[in-house]
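The values are calculated or read from the model by the stated rules, or taken from the named source; none is laboratory data. What you see is a predicted model, and the numbers here were worked out from it, not measured in a lab. All Cβ positions, glycine included, derive from the backbone under ideal geometry; neighbour counts span all protein chains shown.
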Amino acid sequence: MGETTTSFLPVFVTLFPMLMTLVIYYVQKESAKLRNKLSVITSIITFIAVAAMYPQIIRGDILVFELFEIIPEMGFVGTFRVDILSFCLALISSFVWMLATIYSIDYMSHEHAQNRYYPTLIFTLGACLGIFVAGDFFTLFIFFELMSVISYVLVVHEETEEALKAGYKYIIMTIIGGLALLLGVINTFELAGTVSLEHTGMITTASGLAFATFIAYIIGFGMKAGMFPLHVWLPDAHPVAPAPASALLSGIMLKTGAYGLFRVFFNVFNVEFLQETNWIFVVTVLAVITILLGSAVAITQYDLKRRLAYSSIGQMGYVLLGMSLFTEAAILGAIFHIFSHAFMKGCLFICAGAIIVKTGKRDIRELGGIGIKMPVTMIAFTTASLAMIGIPPLNGFLSKWNLALGALDGGAPFYVVVLLISSLMNGLYYLPIIINAFFGEEVLHQEIKADDVPFKMLLSIVVLAVCCLIFGVSPINLPFDLSRMATDLLIGGGI
Amino acid sequence: MTFINVIHAHSTVLLIVSFLLFSFLMPILERWKNSWCATMAVAAHVLAFVFIGNLSWRVFTEGTIHYELGGWSPPWGIEFVVDYLALFMLITISTVSFLILIFGTVDLTHELKPKVLGLYYTLYLLLVGAMMGLAVTNDFFNMFVFMEIAAISACGIISVKSDRECVEASFKYLMLSAVGTGCVLLSVALLYMIGGHLNFAFAAVAIQDVAHIYPNNILVALALFSVGFIVKAALFPLHVWLPDAHSSAPSPSSAILSGLVIKIYTVVYLKLLYKVFPIELFDLLPVFDMILILSALSIFFGSIFAIVQEDIKRMLAFSSIAQIGYVFLGIGLANSTGLTGGLLHIFNHAMMKSMLFLSAGAIIYCTGIRKIDDLKGIGLKMPVVMGAFTIGAMAMVGIPTTNGFISKLYLALGTLDANKHFYLAIILISSFLNCLYYFPIVINAFFGESEEEDGEEEIQVKKLPLRMSVPLIILGAGCMIFGIFPKYILVIIERAVEMIL
């Protein structure tokens with residue numbers, strides 16, 4: 001194992017975007033162009049800063065930094081700590097965020113209230129990375145709340161009645177989740193006397209309070225991760241946001257919940273304890289319901305973005321299932337699926353955004369023949385959809401394969417059946433879109449020049465689609481290697 | 001140099017005397033140089049900062065200050081004690097009331113008739129002086145006098161608007177507050193009867209000695225004190241005067257009443273409980289459990305009532321009832337974490353609620369709107385005011401990086417330390433309820449549908465004067481700064497708590 005080194009990078013990736021928010025906010029009075037450029041540059045610098053941690057992380061080092069003490073006597077300090085798991089999440093988040101910001105420049109150019117959109121987008125980036133690089137649950141909670149509350153502005157961006165309604169649901173659920181999480185954190189502090197992520201197995205004696213803590217965490221993080229029955233805000237909130245924001249909400253922000261649960265299972269509690277008490281079974285059952293429900297409801301949706309949102313619920317179910325099975329392959333599958341899903345869903349949502357912005361149509365039934373008119377976008381969409389279904393050699397296959405292996409290792413072939421059924425359902429709701437797009441009768445009588453999508457949008461779409469392709473079974477698979485290292489860390493208990 | 005020596009030796013009493021002096025100067029100034037009133041009121045506060053600066057330096061270097069008024073040593077003379085708790089209250093009162101006053105110098109010219117403007121400052125300074133007196137006094141009768149001054153001047157700054165609502169509200173307040181002070185006076189008499197002392201410290205010793213002879217006297221005295229202070233601090237179910245009084249008064253009055261006045265009674269009550277009454281008494285009469293139950297009811301019902309309000313200031317007033325419940329919750333928990341949370345909430349809530357009332361005042365000043373439903377789209381027109389309101393709302397709900405979060409965190413940990421999980425649930429539920437009535441206002445203000453509003457008449461917005469926006473910005477920044485760096489205020493509070501327990 002590597003050693004612990006002090007590094008300023010974890011703080012930088014969090015605070016830099018937050019500080020740039022102010023700059024962006026004041027610059028926009030001068031020039032909208034400068035604002036856009038600054039936003040993109042900020043996201044690129046942040047991504048580079050995250051990537052700069054790679055050499056140290058790959059050696060197995062743990063980067064720490066202590067910013068300042070919030071409540072010193074209680075040990076609630078603003079610590080930052082990056083291990084391989086944090087790094088995985090931070091890397092994928094900053095990468096997709098960068099692409100989404102680049103995409104936004106063209107996508108948002110006709111939208112209203114851009115002055116509000118960009119600062120929020122960049123601030124949320126900082127808060128989101130803060131969750132991943134936080135060194136204790138207290139800091140994590142602060143960033144979690146910041147991200148959840150501020151991203152409300154992204155959800156209601158359109159300010160239509162529908163958006164406001166969805167936003168209200170979102171904010172109420174967020175507050176409930178946040179309070180549950182707070183309950184979890186203070187219970188942990190009460191029981192263990194510490195909330196630092198340096199420790200594993202902080203709570204290993206079963207008691208009423210410990211169970212309450214467990215449930216509180218499940219509610220708090222499960223809310224964010226769209227776990228059944230706390231997913232109700234998700235299908236409303238994600239489709240109403242602007243496409244790049246939906247991509248981030250679905251692709252990245254859901255993962256903060258999953259990341260939190262990883263930390264809860266491996267740091268607050270530990271594997272033996274959760275298996276002994278069988279509490280983890282709660283999560284497994286909920287994950288199975290989440291998978292089936294998300295996929296099943298997605299079939300009934302005809303609004304393109306809404307279908308994608310339900311699909312997100314189903315996909316998050318995979319991650320939850322993987323992490324709750326506790327076998328090596330299953331955890332590997334879960335972590336890798338975080339990567340995969342970020343690429344896939346990010347790609348799908350921004351493709352949907354491009355389609356909607358070009359045609360003005362959101363209903364799947366009206367999208368016949370769109371593939372001929374927007375070939376690049378639809379090919380990217382097809383790639384990501386096929387990855388969702390789990391067709392080799394795309395990345396979705398690799399994560400499902402590992403999940404299935406994990407389920408078999410755990411002696412529970414039932415979950416393999418669940419995975420198969422849900423893959424089938426994924427096929428049922430993605431394939432019709434593709435078939436209709438390429439071979440369907442042209443219902444769209446609008447004249448669209450071939451792929452008249454602005455370059456910056458196309459760039460993001462293509463990059464994400466290519467990621468889905470090459471991070472499948474190609475021999476050089478950085479996300480997979482990172483996932484494997486993270487799995488070793490979690491299983492080895494070397495956190 | 002003699003001047004500095006005088007300040008150094010007598011700053012405790014000079015602090016209060018200067019407020020009284022400036023206050024009685026106002027009626028004269030008002031006839032003569034009307035425009036000077038506001039400036040002089042501000043000057044009184046600036047002077048107070050000097051005295052408090054001196055006091056805090058001495059408390060931190062030398063420890064608790066015992067000041068004997070007129071050189072008469074207790075038990076014969078009146079004694080002022082400045083310890084960390086008193087210092088904490090002095091700092092809170094002076095800072096917040098200074099900011100409210102700055103705001104008021106503009107707002108009051110709009111809300112009041114010019115005739116009463118000078119007199120308003122008289123009452124305002126009297127109120128602030130009396131509150132500071134309550135914070136430092138160590139004498140029963142002196143305490144009673146300051147309570148009366150505070151009560152009368154508080155009624156004055158409510159009824160000064162002299163419309164029907166205000167007069168009715170202040171009359172209600174006067175009656176209930178008279179009941180409260182009556183109870184307190186009676187219990188002072190009961191304690192004097194058996195103890196023969198008016199000084200807190202001497203009375204405590206005397207009561208301890210005779211507790212087994214006259215247990216009923218002491219119990220009744222404690223009960224009367226509790227009723228008196230609970231009325232004054234507006235804890236459920238004796239809160240009935242507060243919503244009317246705080247919502248109808250001019251905005252600076254509402255801000256100081258909700259932000260500071262109800263808190264000072266809480267602190268005096270806390271002082272009495274720990275300084276005067278013997279600990280064994282609490283086994284006999286579970287006063288802390290009683291406080292806990294009342295505070296839980298207060299937190300819960302305050303929030304519930306606030307949800308159904310249509311008038312923004314009335315909603316804020318009901319929210320105050322819930323928030324004072326937090327402070328009492330901290331007292332009732334009676335452990336160091338909980339008490340720290342309660343005291344911290346005094347400071348935090350003083351900032352948040354005065355900021356919220358001032359922003360409501362600014363909205364009324366600029367647009368004349370009081371109804372919550374009419375506030376649609378106001379955020380884009382008054383970004384500073386609604387920005388402050390948003391920070392206040394987030395602090396009320398307890399979103400991290402605002403100060404409200406820190407006090408709730410302490411209270412929550414305190415409930416766990418005391419092994420009272422039920423109250424933890426109350427805290428969490430009430431945070432959620434707070435969100436139900438604060439967030440819709442913020443959401444409506446910033447994210448309305450602008451297209452639909454074209455048909456309706458546009459809200460006319462006056463420009464916000466600098467003297468109104470600056471206090472809001474300072475308070476807003478304060479809420480954030482003490483949310484991220486609470487240690488700067490916790491330094492005092494922790495020592496105060498250590499001393500009390």
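Below are the figures for this structure:
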quantity: Members of the range A:1-30 that are outside any helix (DSSP H, G or I) and under 14 Å from residue A:66 (Cβ atoms); calculated: A:4, A:5, A:6, A:7, A:8
quantity: Meets criteria (part of a helix (DSSP H, G or I) and crowded, with 21+ Cβ neighbours inside 10 Å) for residue B:156; calculated: no
quantity: Only one of A:220, A:226 that is within 14 Å of chain B (Cβ to nearest Cβ), under 23 Å from residue A:131 (Cα atoms) and buried (at least 24 other Cβ atoms within 10 Å of the Cβ); calculated: A:220
quantity: Considering residues of the range A:184-196 that are surrounded by fewer than 24 Cβ atoms within 10 Å (Cβ to Cβ) and not β-branched (Val, Ile, Thr) only, the residue farthest from residue A:232 (Cα to Cα); calculated: A:193
quantity: Which listed residue, of A:14, A:79, A:46, is within 21 Å of residue A:256 (Cβ to Cβ), at pLDDT 85 or above and more than 14 Å from chain B (Cβ to nearest Cβ); calculated: A:46
quantity: Boolean, residue A:176 is part of a helix (DSSP H, G or I), out of contact with any helix residue (DSSP H, G or I) (no Cβ under 7 Å at 6 or more places or on another chain) and surrounded by fewer than 24 Cβ atoms within 10 Å (Cβ to Cβ); calculated: no
quantity: Helices (runs of 4 or more DSSP H) contained entirely in the range B:267-379, each with at least 3 residues that are touching a Gly at 6+ places or on another chain (Cβ under 7 Å) and more than 26 Å from residue B:103 (Cα to Cα); calculated: B:287-307, B:312-333, B:336-367
quantity: Enumerated helices (runs of 4 or more DSSP H) restricted to the range B:189-256, each holding at least 2 residues that are closer than 22 Å to residue B:357 by Cα; calculated: B:215-233, B:241-248, B:251-256
quantity: Number of positions in the range A:456-495 that are more than 20 Å from the chain's Cα centre (by Cα) and of a type in the set (D, E, K, R); calculated: 2
quantity: Scan of the range B:159-170 for residues that are in a helix (DSSP H, G or I) and either of a type outside the set (Lys, Arg) or in contact (Cβ under 8 Å) with a residue 40 or more places away in the chain (or both), ordered by number; calculated: B:159, B:165, B:166, B:167, B:168, B:169, B:170
quantity: Sole exception among (1) closer than 23 Å to residue A:144 by Cβ; (2) at pLDDT below 90; (3) surrounded by fewer than 24 Cβ atoms within 10 Å (Cβ to Cβ) for residue B:390, by number; calculated: (2)
quantity: Residue check for residue A:103: away from chain B (no Cβ under 12 Å), of a type in the set (Phe, Trp, Tyr) and out of contact with any Leu (no Cβ under 6 Å at 6 or more places or on another chain); calculated: yes
quantity: Test: residue in the range B:302-320 that is surrounded by fewer than 19 Cβ atoms within 10 Å (Cβ to Cβ) and without any contact (Cβ under 8 Å) to a residue 60 or more places away in the chain; calculated: yes
quantity: Those residues of the range B:392-403 which are in contact with a Cys (Cβ under 6 Å, 6 or more places away or on another chain) and at the interface with chain A (Cβ under 9 Å from one of its Cβ atoms), in sequence order; calculated: B:397
quantity: Verdict on residue B:258 being touching a Cys at 6+ places or on another chain (Cβ under 9 Å) and over 18 Å from residue B:184 (Cα atoms); calculated: no
quantity: Qualifying residue in the range A:181-197 (condition: within 29 Å of residue A:47 (Cβ to Cβ), in a helix (DSSP H, G or I) and not basic (Lys, Arg)); calculated: yes
quantity: Hey, residue A:345 in a helix (DSSP H, G or I), out of contact with any His (no Cβ under 8 Å at 6 or more places or on another chain), surrounded by 23 or more Cβ atoms within 10 Å (Cβ to Cβ) and touching a residue at least 40 places away in the same chain (Cβ under 8 Å) or not; calculated: yes
quantity: Test for residue A:204: is it surrounded by fewer than 24 Cβ atoms within 10 Å (Cβ to Cβ) and β-branched (Val, Ile, Thr); calculated: yes
quantity: For residue A:152: the one exception among (1) hydroxyl-bearing (Ser, Thr, Tyr); (2) more than 9 Å from every other protein chain (Cβ to nearest Cβ); (3) assigned to a helix (DSSP H, G or I); calculated: (2)
quantity: Only listed residue being in a helix (DSSP H, G or I) and within 14 Å of another protein chain (Cβ to nearest Cβ), chosen from B:474, B:493; calculated: B:493
quantity: Some residue of the range A:255-269 being in contact with a Cys (Cβ under 7 Å, 6 or more places away or on another chain), in contact (Cβ under 8 Å) with a residue 60 or more places away in the chain and surrounded by 20 or more Cβ atoms within 10 Å (Cβ to Cβ); calculated: yes
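Yes or no, residue by residue, for (1) aromatic (Phe, Trp, Tyr); (2) under 24 Å from the mean Cα position of the chain (by Cα); (3) more than 9 Å from chain A (Cβ to nearest Cβ); (4) in a helix (DSSP H, G or I):
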site: B:405; (1), (2), (3), (4): yes, yes, no, yes
site: B:408; (1), (2), (3), (4): no, yes, no, yes
site: B:414; (1), (2), (3), (4): no, yes, yes, yes
site: B:422; (1), (2), (3), (4): yes, no, yes, yes
site: B:426; (1), (2), (3), (4): no, yes, yes, yes
site: B:440; (1), (2), (3), (4): no, no, no, yes
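Results for (1) more than 10 Å from chain B (Cβ to nearest Cβ); (2) at pLDDT 90 or above; (3) more than 19 Å from the chain's Cα centre (by Cα), shown as yes or no for each residue.
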residue: A:115; (1), (2), (3): yes, no, yes
residue: A:164; (1), (2), (3): no, no, yes
residue: A:177; (1), (2), (3): yes, yes, no
residue: A:194; (1), (2), (3): yes, no, yes
